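Scroll down for the structure; my scribbles are underneath it.
Bear in mind that the values in this text are calculations on the coordinates, not laboratory data. Just so we're clear, the structure is a prediction, and the values are computed from it rather than from any experiment. Note: ideal-geometry Cβ built from the backbone for every residue, glycine included; neighbour counts use all protein chains shown.
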Amino acid sequence: MDDYILSHMEPESDYLKALWRTAHVHLMNPRMSSGHVQGRLLKMLVAMARPHRILEIGTYVGYSALCMAEGLQSDDDRVVTIEINDELEDFTRPWIDGSPYGHRVQFVIGDALQVVPALGETFDFVYIDGDKRQYVDYYGLALRYSTPDAFILADNTLWDGHVTDEAYAHEHRTEGINAFNTLVAADPRVETLILPIRDGLTIMRKVNKTAAPNVLTC
């Protein structure tokens, strides 16, 4: 079925294919990269939402940032992507700079929780793919620094099925994902949908309603 899907959708560009393969050769945990199907989904969602400023928390190799940049409507629009692991910069920056869409990407090394408030801007599309233990904090950040009706996406929200496996109930990353999933499901400020694509992709849209008193707010 996977082969059928891949043969009946927009193909992966040679550049992204090379990035994907190089990450698998040179880096640990290359599966953290979005890959073909999710990359094309991100591009399409951006093209549909037509944002002007995108915030990405967690760059890794830049695959998802480049896919979102491809979906932007104008060279005046930007993806601001923030990576906390400075050891990735030497790998990632040349791939972003060498892409046909790299001029639409602002690549920042640092902690998103500190970098975003200092940027002094808001975003109409946010993609969360950072430290799973901090997803609740990233969600609060996304709400504070996004525009009305913004879209907020979060990756890995099914976490290899660990979210429903009692054996992982006290593993810190699984706890972080479960806390995030519970929070957004009960938060009237957003409409929420989880897609069982790859490792789980949550899509939220801000609806600008006041949170109920019994709902944990960020």
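Extension gain, S7 to N29, is 5.3 nm, computed as 0.36 nm per intervening residue step minus the present C-alpha separation.
Sorting S7, S13 by the number of Cβ atoms found within 10 Å of their own Cβ, with the fewest placed first, yields S7, S13.
Taking the chain, how many lysine pairs are there with alpha carbons less than 26 Å apart, if each pair must be eight or more places apart or span two chains? Each step should come with its number before you reach the end.
Working: K17/K43; K43/K132; K43/K206; K132/K206.
Lysine pairs meeting the criterion: 4.
Over segment 23-116, with a single point scatterer placed on each C-alpha, what log10 of the ratio I(q)/I(0) does the Debye formula yield at q = 0.22, 0.25 1/Å? Taking Cα atoms of segment 23-116 as identical point scatterers yields -1.13, -1.38. Summarising the amide proton neighbourhood of T59: residues at separation of 5 or more, or on other chains, whose placed amide H is nearer than 5 Å comprise I82, E83, I84.
With both residues required to sit in the chain, DSSP beta bridges show an antiparallel share near 35%.
Relative to its residue count, the chain spans a Cα convex hull of 130 Å³ per residue. Amide H to amide H, with H built 1.01 Å from N, F123 comes under 5 Å of S146, T147, counting only residues 5 or more places away or on other chains.
Kindly point out which whole DSSP H helices in the chain project their C-alpha atoms 15 angstrom or further along the helix axis while averaging a Kyte-Doolittle hydropathy of 0.5 or above.
Details: long enough: 14-26 (18 Å, -0.45); 35-49 (21 Å, 0.75); 172-186 (21 Å, 0.05).
Correct list, ordered by number: 35-49.
Of the chymotrypsin sites (Phe, Trp or Tyr not before Pro) found in segment 36-114, not one falls in a DSSP loop while having at most 15 other beta-carbon atoms within 10 Å.
Projecting the Cα atoms of I82, N29, L143 onto the dipole axis of segment 2-206, where Lys and Arg carry +1 and Asp and Glu carry -1 at the beta carbon, places L143 farthest toward the positive end.
On a full-extension model of 0.36 nm per residue, what is the gain between V37 and L193, subtracting their alpha-carbon distance, rounded to one decimal in nm? All intermediate terms of the calculation are to be shown ahead of the outcome.
Numbers: separation 156, 0.36 × 156 = 56.16 nm, distance 1.80 nm.
Value of the extension gain: 54.4 nm.
Mean residue ellipticity, 222 nm, helices only, the chain: the sum of -39500 (n - 2.57) across DSSP H runs of n ≥ 4, divided by residue count and rounded to 500, is -12000 deg cm²/dmol.
Residues whose amide H comes within less than 5 Å of that of V105, counting only those at least five positions distant or on another chain, are V79 (H built at 1.01 Å from N in the peptide plane). Summary value for the chain: 15 percent relative contact order, contacts being C-alpha pairs under 8 angstrom separated by 6+ residues.
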